[in-house]
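Report on the structure given below.
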Amino acid sequence: MPTTGTQTAVHMQFRHKRKGSHLGTRRAKAKRTRARVRRNSDAISNLMRTSFPLTRYQRTDIGTFDSQVHTSLITAPATWIECFRSYNVPDEDVPRSYDCLSVRGKWTLQVEDNDEGNAWAQCFVVSLKPKVAAKTLARTANLSNMTTGLDFTNAPMGSAAGVVQGHSFFFLNPAIYTIHYKSGVRRMGGTTMGDIGVTNIRDSTTRGTYNVKWRKTFKNDEYNAAGFRGIPTGDIEPRNQLYFVVLSNADKNTLFIAHNALISGRQATSQ
């Protein structure tokens, strides 16, 4: 029997309702899936906060230096001091690994001896390029003996009133170093060119802060009662090393430095 126009319309309307019904079912299923994913995500987050609490350590430097390059390894767990906890974790309870998340720091430079005129300095937080890291550490004795023209470059500041100004305007070699922070050039002076005493401390002191994301895992593969904090400095992988570097004309001045770094990360609550 031929299909009439009325029958065709009813059939199309029925098919349209069935299609809409399936669409509503798919949407409801997707909504339930999203809710289940959120619950699982919250459960994992709660587990991480409980089993791997956020733990912070402090790394400090203080003293004077009179060389053009001053460096310190921030990420040396053996030099870290636990902080922001009501009690210290006994060595036997320190886990073998630590997942570092970030490093924040504050620093101050101050002129201690200004017989040669102005003090120029620039602070950096750097890491090493993976392909040249091992060779650079060996050549520079862990960045303690960096070479002008290879590791960095600078420019002479000339002289004024017969006083040598040393060098400034520093650039680090981008083929060797990844720069995570740089302070810009800072000038300090204990006296003016006319040998008039400076009474404003801001003229002889400079300071700065930095915040570096540093997602690295420090793991002690050998048993050690101190856990990851027992990793020998020489065994820290080059890719995990983060340095605070000061380039200056301190060979013509003596500079005082105070540097405080706060390392944040997660560690297991027990071995």
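Any read-out appearing in this document is the output of simple, stated calculations on the displayed coordinates, not a laboratory observation. If you're wondering where the values come from, they're calculated on a predicted model, not measured in any experiment. As a convention, Cβ positions derive from the backbone with ideal geometry for all residues, glycine included, and neighbour counts pool all protein chains shown.
Between beta-carbons, use under 11 Å as the cut-off and find the net charge around Leu262, counting Lys and Arg +1, Asp and Glu -1.
With Lys, Arg at +1 and Asp, Glu at -1, the neighbours total +4.
Please tell me which of these pairs span more than 21 angstrom C-alpha to C-alpha: Lys131/Lys182; Lys129/Lys182; Lys131/Lys216?
Long pairs (Cα-Cα over 21 Å): Lys131/Lys182.
Taking K and R as +1 and D and E as -1, what net charge do the other residues with C-beta under 12 Å from the C-beta of His70 add up to?
Summing Lys and Arg as +1 and Asp and Glu as -1 gives -3.
For a Förster distance of 41 Å, can you work out the FRET efficiency between the beta-carbons of Asn142 and Ser41, rounded to the nearest 0.05?
0.50
Could you give the nm distance between label points at Leu150 and Leu73, where each point is 7 Å from its Cα heading toward the beta carbon?
Distance between label points: 2.0 nm.
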